[in-house]
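Working notes for the structure below.
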Amino acid sequence: MARVLDRLYSGDPSRFVATRTTLARQARAEGDRELARQIDALRRPTRAAWLVNLLARSARKELTDVFELGAVLAALHLAGTPQEIQAVNGRRRRQIAMLMVKVLSLAMAEGYEPSNKTLDDVELCLQAGLAHPQAAAEILKGCLVKTPATAADFPLELFEAAALGLAPQELGRPQIPLSTAGQPGAVDPGSEAGDQRAAATTAGRLAPVISLAEARRRHAPSPAPPLPVSPEESPESEVESLAMASVEAGVEDVAATLRAEREREAALAQRLAETEREAAAAAEAATSVGRRVEQLAAELAVAQAERDAAAQASRQAQQRRDTARQEHEMAQRRAQQTEAELHEARQEKASLEAVQAMLLGREQSDS
């Protein structure tokens, strides 16, 4: 059953019914009709409850640390100083703010963008876990079906019973231990803070203070009147007023932190949109550049082919030129040789003419 619960309550609520039907059918096919009946009876969680369930699975230690601060604050309101209360409240505010940031991260990882109302419900659930051990126990199980409308939706006597040290069997339902050992202002039995039962009674009254503070902040159109103080409670009215102021300040600080985180998230979303637009423009430019590169590559190929053809033609022209030069040189050599032969012939002719003239002169002289 634990595997079934983990699968159903950690999955997206939109797939809850289909997954539940599949798991119940598998149980029936295996012959476990009782398990199938139990699975069919499981209810789908709200979105806020689902986010709390995710948080319980991924940040259990951080949740437990926050819930343990409830008992620490109860003890401090009895025996602590304002500075100690302020320090623990600051720690509580920071831890809840970090948990809410974690919730946003988990939601975005699941592809879900929670509304402000959903986040408010998650925050209220964490505040309820601070005020009531039973609420903390249910949250840490990671199987919530819905979140409380207010912190007062959980029985206030459970907080007092936890402070009195009653066993879980006496409460009728399981609860988690809320240890205050080593914390500032922790109350030990027999200390100056008073006996243990008196501490538990006043600690229990802190829960309705938290509930009323949250109710005034979320629902009241104008500041609500102060809590009425009965004669029995009047000796501790100053402590409760301090608790009221601390809780209201904490709630407002957490709200301011969440608003800042949501504004930051919106700014990041806007930046992401701008980045996506820039990426789209860059992709389009890259496509255009790619096309231009392809065109230039084609032109380069044509130019290279033309260059190769021109180089081939140049080589052929050079060969023809070399051949013509060789032929010219040969013609020059032949011309020179012919000229030399002509010169020799002229010389021979002149010699013959001289001999002929001499012979002719002799003949004339002889006659």
Legend entry - Unique match (being surrounded by fewer than 20 Cβ atoms within 10 Å (Cβ to Cβ) and not in a loop (DSSP other than H, G, I, E, B)) among Leu55, Leu69, Leu76, Leu35: Leu35
Inset, instruction - Could you tell me which numbered condition Lys61 fails, if it satisfies all but one of (1) within 29 Å of the chain's Cα centre (by Cα); (2) charged (D, E, K, R); (3) not in a helix (DSSP H, G or I)? - result: (3)
Inset, instruction - Could you tell me whether the range 115-130 includes any residue that is farther than 27 Å from Ser14 by Cα and either touching a Ser or Thr at 6+ places or on another chain (Cβ under 7 Å) or of a type outside the set (Asp, Glu) (or both)? - result: yes
Inset, instruction - Return yes or no: is Gly111 in contact (Cβ under 8 Å) with a residue 60 or more places away in the chain, more than 12 Å from Ala48 (Cα to Cα) and of a type outside the set (D, E, K, R)? - result: no
Inset, instruction - May I ask you to say which residue of Leu63, Leu73 is within 18 Å of Lys141 (Cβ to Cβ) and out of contact with any Asp or Glu (no Cβ under 7 Å at 6 or more places or on another chain)? - result: Leu63
Legend entry - Selection from the range 38-52 of residues that are buried (at least 16 other Cβ atoms within 10 Å of the Cβ) and part of a loop (DSSP other than H, G, I, E, B): Leu42, Arg44, Pro45, Thr46
Inset, instruction - Evaluate the following for Val254: is it modelled with pLDDT under 85, out of contact with any Gly (no Cβ under 9 Å at 6 or more places or on another chain) and aliphatic (A, V, I, L, M)? - result: yes
Inset, instruction - Working only within the range 1-18, note down all residues that are surrounded by 16 or more Cβ atoms within 10 Å (Cβ to Cβ) and more than 23 Å from Ala128 (Cα to Cα). - result: Val4, Leu8, Gly11, Phe16
Inset, instruction - Just need a number here: residues in the range 9-55 that are under 17 Å from Tyr112 (Cβ atoms) and touching a residue at least 12 places away in the same chain (Cβ under 8 Å). - result: 18
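The values are calculated or read from the model by the stated rules, or taken from the named source; none is laboratory data. Please read these numbers as outputs of a predicted model, since none were measured by experiment. Because the Cβ atoms are built from the backbone with ideal geometry, glycine has one as well, and the counts that use them run over all protein chains shown.
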